[in-house]
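First comes the structure, then the notes that go with it.
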Amino acid sequence: MTPKPNWLIEDDEPLNAATISEIRRNQDSNDYATRGSSRTLPPLALTLHDVVIHNVHKWFGGAHLRLDALVVRGKSGSADRATVYQANTFRFPDVRSGQRLDIDTGGLLLFYGGAYQFLSIFILVARDRKDSDDLAKLLIKEAASPEVSRALAQIGGLGTGDIAAAMPAVLAAASALGGLAYQVVRGLSPTTVGIYRGSWLQHRDGFGVGRHPENEAEFHDRDFSFWYEISLEER
């Protein structure tokens with residue numbers, strides 16, 4: 001049986017009638033929610049900060065870890081994976097319990113680019129295996145599967161019809177891609193842990209621009225703590 005993703009932290013507010021009505025009111029506008037009348041969406045940057053592995057579950061020495069991130073960005077007008085999502089893998093050798101991962105002070109760049117209507121984020125940590133493929137390559141291997149083809153078509157077609165009506169299925173497709181990322185990494189390492197999933201809408205949430213969580217806090221669940229930031233990049 002295929003393992004169902006178990007995301008330790010789920011930061012995903014469900015759609016309701018009011019949100020769908022808001023999307024419908026704004027679906028013909030590209031106005032960015034926090035940028036006044038600007039009709040050109042600026043690129044977004046997602047950076048991960050202060051990741052601490054509090055327990056690597058190894059009696060002696062350190063563990064080699066991989067951190068995988070999938071960001072689905074709702075790019076309209078295409079079902080090509082290069083425009084629908086970005087996938088990245090980062091590797092950290094000899095990590096010991098309680099150690100902060102070796103990340104630059106500017107943060108680990110998980111995503112950079114434009115987005116359309118929503119941004120969905122999935123972050124995983126696993127024990128690294130020698131010569132294992134990066135997440136991007138693993139997903140390419142799955143590109144011909146019916147599940148991936150449907151998800152890419154659903155997300156890539158956003159904007160060609162009634163956006164508000166399509167959004168529940170589009171967000172479900174993004175979630176399916178996140179679940180697939182979990183499955184393919186877990187296929188390499190049974191120690192895979194989905195540490196975060198979240199989704200931010202353009203008009204309701206302003207794409208989640210800001211610090212998460214707020215107020216200088218950190219997400220902390222079981223053996224992991226971290227925070228991340230979504231920022232606007234000035235042109």
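The values are calculated or read from the model by the stated rules, or taken from the named source; none is laboratory data. These numbers come from a predicted model, not from an experiment. Here Cβ is always computed from backbone atoms with ideal geometry, including for glycine, and neighbour counts include all displayed protein chains.
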With the checklist (1) crowded, with 20+ Cβ neighbours inside 10 Å; (2) in a loop (DSSP other than H, G, I, E, B) in hand, flag the one item SER120 doesn't pass.
-> (2)
Scanning segment 87-111 for residues that are over 24 Å from HIS57 (Cα atoms) and either loosely packed, with under 14 Cβ neighbours inside 10 Å or at pLDDT below 95 (or both) gives ASP104, THR105, GLY106
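Within segment 88-108, how many residues turn out to be among the hydroxyl-bearing types (Ser, Thr, Tyr) and not in a strand (DSSP E or B)?
2
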Listed by first then second residue, the pairs whose first member lies in segment 218-235 and is under 19 Å from ARG66 (Cα atoms), whose partner is in a strand (DSSP E or B) and of a type in the set (Lys, Arg), with beta carbons under 8 Å and at least 6 positions apart or on separate chains, are TRP227/ARG211; TYR228/ARG211
Residue check, ALA166 against (1) buried (at least 17 other Cβ atoms within 10 Å of the Cβ); (2) in contact (Cβ under 8 Å) with a residue 40 or more places away in the chain, all met but one. Which one?
-> (2)
Does any residue in segment 201-216 that is among the acidic types (Asp, Glu) come within less than 9 Å, Cβ to Cβ, of a residue that is modelled with pLDDT of 90 or more six or more places away or on a different chain, and which pairs are these?
-> ASP205/PHE118; ASP205/LEU119; ASP205/SER199; GLU216/TRP227
Just give me the residues in segment 56-71 being farther than 30 Å from SER231 by Cβ and either surrounded by 14 or more Cβ atoms within 10 Å (Cβ to Cβ) or at pLDDT 85 or above (or both), in sequence order.
-> VAL56, GLY62, ALA63, HIS64
Within segment 90-111, residues closer than 25 Å to PRO5 by Cβ and in contact with a strand residue (DSSP E or B) (Cβ under 6 Å, 6 or more places away or on another chain) come out as PHE90, ARG91, PHE92, VAL95, LEU101, GLY107, LEU108, LEU109, LEU110, PHE111
For ASP131, which of the numbered conditions (1) in a strand (DSSP E or B); (2) modelled with pLDDT under 90 fails to hold?
-> (1)
Filter segment 82-100 for residues that are under 17 Å from VAL185 (Cβ atoms) and of a type outside the set (Val, Ile, Thr) and give the result.
-> TYR85, GLN86, ALA87, ASN88, PHE90, ARG91, PHE92
Since ILE230 meets every condition but one in (1) surrounded by 19 or more Cβ atoms within 10 Å (Cβ to Cβ); (2) in a helix (DSSP H, G or I), which condition does it not meet?
-> (2)
Spot the failing condition for SER76; the list is (1) at pLDDT 70 or above; (2) over 14 Å from the mean Cα position of the chain (by Cα), and only one is missed.
-> (1)
